[in-house]
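Notes for the one structure printed next.
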Amino acid sequence: MPRLRIQVRGVVQGVGFRPAVYRLALARGLSGTVWNHAEGVTIEVQGGAEGLSDFERALRDEIPPPARVRSLASESVAEIPGESGFRIRASGAGSEIRPVVPPDLAVCGACAAEMDTPGERRHRYPFTNCTRCGPRYTIIESLPYDRPRTAMKAFPLCPDCGREYRDPMDRRFHAQPVACPACGPRLTLRRPGASAMAEGEAALQAASTALRAGEILALKGLGGYQLLVDATSAEAVRRLRDRKRREEKPFAVMFPDLARLLQACEAGEEETAWLTAPEAPILLLRRSGAGPVVEAVAPGNPRLGAFLPYTPLHRLLLAAVDRPLVCTSGNLGDEPMAFEDDEALRRLGGLADLFLTHDRPILRPVDDSVLRVDGDGPTLLRRARGFAPLAVPLAMKGPCVLAFGAHQKNTIALLKGGELIMSQHLGDLTSPEGADLLARTVADLRAFFGARPELLACDLHPDYASTRLAERLAAEWDTPLVRVQHHHAHGAACAAEHGLKGPVTALTWDGTGLGSDGTLWGGEALRIEGPAFVRVGHLRPFPLPGGEAAAREPRRSACGLLWATRGASAPPPGLAGAFDGPDWELLQTMLAKDLHSPVTSSIGRLFDAVAALAGLPARRGFEGQAAMALEFAAGDRAEPPYPWDLKEGAADPAPLVEAVLSDLAAGRDATFVAARFHAALADLALAWARLGGLADVVLSGGCFQNARLTGLVQERLARAGFRVHRHRHFPPNDGCISLGQAVVAAFR
Ligand SMILES: [Zn+2]
Ligand SMILES: [Zn+2]
């Protein structure tokens, strides 16, 4: 009788893979065994030739998600005479198991149905899960993935759960986080500084009543604490903004169900599929203008970050409140999200009126992911829950590299055995808490994946918290450190994501990053080939009075740009309103004396400057706000481009600035200026792609979060015969820097 040994790679642990294999074998009357090991899963099956070939087909076609079979390799082996039955061999703790770890997944249909059925033992149980859904990366201490090494170790299984856990035919077979009301985690409601006021269902109901009354709830979610408030109450939203010190940055909204989400937002087929997918990211959707969500949730923004309840707890709470809720990370300002109970009470005590918590520990913080679907596919803008720590094959061999990323929207990355593992989004590293989270994540990722980095990689910028940590660890571990220029990393990340091996032209447009000449870059065309790059195009630099402060004060960029193109002058009429009395003179003096006014070639800052000239809010805001306002102002309007003065790759914006000012003087509005400016950038992209002289062009950097700009550039270059590649699975913003650093370091 023939016997096959089949090697399977992919996401094959903690996702019901072995039970699925067991059922496929049983259904075809095959005997054999299945087990886990370092490389994935091995199956041996024995039986009739027809049954075996159908089994192989079914392995490809019938394995239910979230398992993902990436490759199958079969070989014939010697028959085991007299074998009967099919066995799942247990994984031993001592064996060297490095499976692909599944990410945390949204509640599945079967679990949701159970929760909704009166009489089921998990009716209304907020921690229901199975092999197809529930917490994973947020609760796993170490590998191999077994309950004693998870946050569930403190919850001994009751007899009923134990039976399900051991039954290969049950969808909870070896579901490590399995729990029920008899044996699993429980809810508690408390006010900051007080003891518990309610538990279980009563806690849920009281939390819902408080939310309906406009109170701010800190909810212990899947990957950390979140702050929730009624999205239909302008006053409640205002109070959250005041307490969180977040004036205008948009909040995401969680809707009780898809029908209500679709009232407030427009979603196409692909967007709806993402909303209801196991990854369940926040989707940036166009607002329809209807529905009860108040404007203050995302002021002046035609888009809304919208998502659906993804844990049983969120489902129950949203159904009880019965209205959309603002659902934002539990943090103050730019600090990272709180995820440990004591820390959350301490840091969020002044922000939240109430805490709805539970006793299942969160072992690492994982924020919500953010995704946008444009005309031709998805772009992940924040890669966290549902995606981290899924490994991505990069098809490059080389040393094990640990890359430390940038300073904002930080992620770290591990390149190991030809695969890239990127951490969840860690965010801003400015606060001590942010720097601490980075250090913890480096230690965690290294231990979790059993990595011994042979090379470390970081940014050129000496003051990034990520650079400082990389320097310290390089000395401590006696490991070489490769410093990778910020925009080189951007371009390399996009090229790696698309498996491009040859040289590429990279248009890297963002806020600012330290260039190899010591100035701030951010509007470049780089010709990248492996470990090396040449700067073939750049914006002619202009000064930023006040340096970093310009990122949140677009009027500074406008003042610096005018200084560079016109010299000392009075503020033009559209801009004058953004300055009080001596402010303008003060900046002019700084520029004249060259005080704290570094020069930059940043297109992000050029966006800010043009937005400020066009009379859009320019005094203060969050980084990227002015650029977003300009994108929204442009809409789909097509107008003739502004001119550039292009000299050997240095793009002088002086003619553009003059044309903007004369349009404004002629009474043209911001939408007209915005449309012409976007068209001008598409012209610039084409000119630089031609200078690069290569067929493949990659787009990276925060500016390419702008859907209008990206669409125009893509269309323009494609029409001229270039192959244009943009980020899909990794963010175009600094979230992709660790990937690029790892790749460049590996080339060296
Ligand atoms: Zn489930
Ligand atoms: Zn139980």
Report, to the nearest 10°, how far helix 603-613 tilts away from the longest principal axis of the Cα atoms in the chain, using its own Cα long axis and a range of 0 to 90°.
-> 50
Per-pair calculated FRET efficiency, R0 = 56 Å: L691 and T209 via Cβ, rounded to 0.05 | 0.35
By accessible area with a 1.4 Å probe, ligands and nucleic acids excluded, highest first: order of R239, R166 | R166, R239
Treating the angle as unsigned and between 0 and 90°, give the value, to the nearest 10°, between the Cα long axis of helix 49-61 and the longest Cα principal axis of the chain.
-> 30
Subtracting the Cα-Cα distance from 0.36 nm times the residue separation, let me have the gained length for D636 to R440 in nm, one decimal.
-> 66.1 nm
Normalised Cα Rg of the range 207-307, dividing by 2.2 N^0.38 Å with N its residue count, works out at 1.06
Within the range 479-517, backbone nitrogen closer than 18 Å to the virtual label 7 Å beyond the Cα of R452 toward Cβ = 479-481
Relative to the first principal axis of the alpha-carbon coordinates of the chain, what is the inclination of helix 17-27, with its axis defined by its Cα atoms, in degrees from 0 to 90 and to the nearest 10?
-> 50
Once both label points are put 7 Å beyond Cα along the C-beta direction, the V599-A112 separation in nm becomes 5.7
Distance between modelled label sites at Q263 and E247, nm, 7 Å Cα→Cβ extension | 3.3
Cα gyration tensor, the range 118-189 - rounded (a/c under 1.5), prolate or oblate | oblate
Calculate how large, on average over all directions, the projected area of the Cα convex hull of the range 389-484 is; give the answer in nm² to one decimal.
-> 5.6
PRE zone check, label point 7 Å out along Cα-to-Cβ of T276, amide N under 13 Å, scope the range 299-343, hits 308
One checks the Cα atoms of the range 187-358 and finds Rg and Dmax, in Å, of 15.1, 47
Run a plain Debye calculation on the range 313-389 (Cα atoms as equal point scatterers, no solvent) and give log10 I(q)/I(0) at q = 0.16, 0.23, 0.26 Å⁻¹, rounded to two decimals, same order as the q list.
-> -0.80, -1.29, -1.35
Regression test value, accessible area per residue of the chain, probe 1.4 Å, units Å², expected 37
Radius 11 Å from Cβ of T131, net charge of other residues (Lys, Arg +1; Asp, Glu -1) | +3
Which semi-axis lengths, in whole Å and largest first, follow from the square roots of five times the eigenvalues of the Cα gyration tensor of the range 420-475?
-> 18, 15, 10
Report in % the part of the accessible area of the chain that belongs to carbon and sulfur, leaving out ligands and nucleic acids; probe 1.4 Å.
-> 52
Pop the C-beta distance of A532 and E715 into the FRET formula with R0 = 25 Å and round what comes out to the nearest 0.05.
-> 0.25
Which listed residue (V253, P309, L217) has the Cα farthest towards the positive end of the charge dipole for the chain, taking +1 on Lys and Arg C-beta and -1 on Asp and Glu C-beta about the Cα centre?
-> P309
Given the C-alpha centroids of the range 314-377 and the range 628-700, what is the distance between them in whole angstrom?
-> 39
Net charge (Lys, Arg +1; Asp, Glu -1) of residues whose beta-carbon lies under 15 Å from that of F155, F155 excluded, is +2
How big is the Kirkwood radius of the chain, worked out from every pair of different alpha carbons and given in Å to one decimal?
-> 27.4
Using only Cα atoms, locate the centre of the range 107-162 and the centre of the range 1-69, then give the distance between them in Å, rounded to an integer.
-> 24
From the backbone phi of the range 736-748, what are the Karplus-calculated ³J(HN,Hα) couplings (6.51 cos²θ - 1.76 cosθ + 1.60, θ = phi - 60°) in whole Hz, Gly and Pro given as x?
-> 9, 4, 4, 4, x, 4, 4, 5, 5, 4, 5, 5, 7
Those trypsin sites (Lys or Arg not before Pro) in the range 314-404 that DSSP places in a loop and that have at most 12 other beta carbons within 10 Å = K397
Inter-probe distance in nm under a simple model that places probes 7 Å from Cα toward Cβ, at A576 and D669 | 2.2
Note the per residue figure in Å³ for the convex hull of the C-alpha positions in the range 3-88.
-> 83
Give the distance, in whole Å, between the Cα centre of the range 546-592 and the Cα centre of the range 195-273.
-> 40
For E141, the accessible surface traced by a 1.4 Å probe with all protein chains present amounts, in square angstrom to the nearest 10, to 80
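The values are calculated or read from the model by the stated rules, or taken from the named source; none is laboratory data. Owing to the predicted nature of the structure, the values given are computational and were not obtained by experimental measurement. No Cβ is skipped: glycine too gets one built from the backbone with ideal geometry, and neighbour counts run over all protein chains shown. Heavy atoms of the whole protein, side chains included, go into the accessibility calculation; ligands, DNA and RNA do not. Shrake-Rupley method; radii C 1.70, N 1.55, O 1.52, S 1.80 Å.
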